[in-house]
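Visitor: Before I ask anything, let me first share the structure, which is written out below as structure tokens.
Since every read-out is calculated from the coordinates, none of them should be taken as a lab result. The model shown is predicted, which means the values in this text are computed figures rather than measured ones. Here Cβ is always computed from backbone atoms with ideal geometry, including for glycine, and neighbour counts include all displayed protein chains.
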Amino acid sequence: QARASFAHRANDVSHPLSNYLLRLMELKKSNLCLGADVASARELVHLADKIGPSIVVLKTHYDLVAGWDYNPQTGTGAKLGALARKHGFLIFEDRKFGDIGSTVQMQYTAGSARIIDWAHIVNVNMVPGKAAVDALAEAAAKWRSRVNYEVKTSVTVGTPLADNYEENAVDEEDDRLAPMEPSSSGNYAARQQESRKGSIVSITTVTQSFEPVDSPRFSNGNHDGHDVVYAGIEEPPWDRGLLILAQMSSKGNFMNKEYTQACVEAAREHKDFVMGFISQESLNSDPADTFLHMTPGCQLPPEGESEENGVVEGDGLGQQYNTPSKLVGLCGTDIIIVGRGILNAGDQQAEAERYRRRAWKAYMQRTGR
Ligand code: UP6
């Protein structure tokens, strides 16, 4: 399977976002993900626009970004969504959820960040067990049915909430995760309007804040929903995906073979939601496995220096680095995740292109093309 092309694998995957991503990779000739660990939201948005043409995935850690704007219509998530459409990439929030099912559902769908609304992909740390995957899958399924309802009925969801909505919110019935239903008495917007008059119930707060990254309103600043800017690819499907953290790049981590195998089993149980793994090698061992592999801990030696056995010196804080040719060519991973290798370069755009070319070349060689 390591020799199969991304285009070929696109036909085999069951997850719509994996299919989209694999086609995007062929189209942009890129299997590069930028790990955008930058200090401010302003810098993040600027970087996403600048490096967008070279990448297929933008990886965020929203909780290390100062000044993250939570406004669902105009905030940082919305801005990244517009750039994702403009340049053709998916947004991956590297949240590494790692708690009991009920808590991870809330962390995924609620709070100030409402990650599910702007991140196409998230990941889970499987330490608490498989229930976390079940819980995230359930949350995503409910999100999907709500979005599908919105798409079908073209409901325009309203104005920003009143400043005091949180204090007013009543906890009568927590349907944060409930699918949106059409109201028998008038359309949904009207129902919202109605409930806004009184004290705001949670479905209202959720729905008003609900602003998926794929919403037509975010398409390149125009609101007609048909202005895809990246030539040759349609808008991403209205879907959400999960990566399971099955192996880590850090020195001395505790993820042993049995642990990694349990991650593979959890993935096989949720093919409709799990796109693949964060891993250091390909974990597709069964002929039916069609998972994608994204790999952090990747750097190149400085231009002109030779790649000694594919290993580059670590960062002194436990991070270990391998080169794109080792990871993609030998270990069989699909997408390399590069943070400081690109971020610390004098010319970030040129460096991103250097990584893109190297990783793509390794893929071409692996597949014998
Ligand atoms: N990351 C790893 N190793 C893992 C999992 N995730 O480094 O096993 C993430 C880090 C960081 C990025 O959280 O955001 O990948 C790597 O950044 P770097 O390229 O600057 O080392």
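Visitor: Which shape class, rounded, prolate or oblate, goes with the stretch 11-137 when its Cα gyration tensor gives a ≥ b ≥ c as root eigenvalues, a/c under 1.5 marks rounded, and past that a/b bigger than b/c marks prolate?
Guide: Because a/c hits 1.5 or more and a/b fails to exceed b/c, the stretch 11-137 counts as oblate.
Visitor: Post the alpha-carbon centroid distance, the stretch 102-127 to the stretch 48-84, in whole angstrom.
Guide: If we compute the Cα centre of each part, the gap is 16 Å.
Visitor: Tell me the net charge near Gly101. Cut-off is 13 Å between Cβ atoms, Gly101 excluded, with +1 for each Lys or Arg and -1 for each Asp or Glu.
Guide: -2
Visitor: Local charge sum around Val312 (other residues, Cβ-Cβ under 15 Å, Lys/Arg +1, Asp/Glu -1)? All intermediate terms of the calculation are to be shown ahead of the outcome.
Guide: Details: positive: Lys251, Lys326, Arg340, Arg354, Arg358; negative: Glu303, Glu305, Glu307, Glu308, Glu313, Asp315, Glu351.
Charge balance near Val312 sits at -2.
Visitor: Let me ask something else about it. Collect residues whose amide H, placed 1.01 Å from N in the peptide plane, falls under 5 Å from the amide H of Asn123; neighbours closer than 5 in sequence don't count.
Guide: Arg95, Lys96, Phe97, Leu243
Visitor: Right, next: Based on other C-beta atoms within 10 Å, arrange His15, His120 from fewest to most.
Guide: Values: His15 23, His120 27.
The fewest-first ordering by Cβ neighbours comes to His15, His120.
Visitor: Further, regarding this structure: Give me D for the stretch 300-364 in µm² s⁻¹, whole number, from Stokes-Einstein with Rh from the Kirkwood sum over alpha-carbon pairs, 10 °C and 1.306 mPa s.
Guide: 131
Visitor: I need the peptides 246-253, 291-298 ranked by packing, meaning the mean over residues of other C-beta atoms within 10 angstrom, with the highest value on top.
Guide: Per-residue mean Cβ counts within 10 Å order the peptides as 291-298, 246-253.
Visitor: A further question follows. Which order do the peptides 69-81, 274-286 come out in when sorted by mean C-beta neighbours inside 10 angstrom, highest first?
Guide: Sorting 69-81, 274-286 by mean packing, highest first, produces 274-286, 69-81.
Visitor: Tell me which GluC sites (Glu not before Pro) from the stretch 289-342 have a DSSP coil assignment and no more than 13 other beta carbons within 10 Å of their own.
Guide: Values: sites: Glu303, Glu305, Glu307, Glu308, Glu313; in loops: Glu303, Glu305, Glu307, Glu308, Glu313.
In loop regions of the stretch 289-342 (DSSP not H, G, I, E or B), the sparsely surrounded GluC sites (Glu not before Pro) are Glu303, Glu305, Glu308, Glu313.
Visitor: Go through 100-110, 335-345 and give me the packing order, highest mean Cβ count within 10 Å leading.
Guide: Result, highest mean Cβ count within 10 Å first: 335-345, 100-110.
Visitor: Further question: Counting Lys +1, Arg +1, Asp -1, Glu -1, what net charge surrounds Arg358 among other residues with beta carbon under 14 Å of its beta carbon? Before the final figure, lay out the partial values.
Guide: Numbers: positive: Lys29, Lys326, Arg354, Arg356, Arg357, Lys361, Arg366; negative: Glu303, Glu305, Glu307, Glu351, Glu353.
Taking every Cβ under 14 Å from that of Arg358, the sum is +2.
Visitor: Would you list the P(r) distribution for the stretch 1-46, with all Cα-Cα distances sorted into 10 Å bins from 0 and each bin expressed as a whole %?
Guide: Taking every Cα pair in the stretch 1-46, the percentages come to 24, 38, 23, 15, 0.
Visitor: Treating only the Cβ of Lys, Arg, Asp and Glu as charged (+1, +1, -1, -1), what charge dipole size does the stretch 231-341 show about its Cα centre? Round to the nearest 20 debye.
Guide: Charge dipole, the stretch 231-341, about its Cα centre: 280 debye, nearest 20.
Visitor: Could you list Ser306, Ser40 so that the one with the fewest beta carbons within 10 Å of its beta carbon is first and the one with the most is last? Don't jump to the answer; show the numbers that get you there.
Guide: Numbers: Ser306 5, Ser40 13.
Result, fewest neighbours first: Ser306, Ser40.
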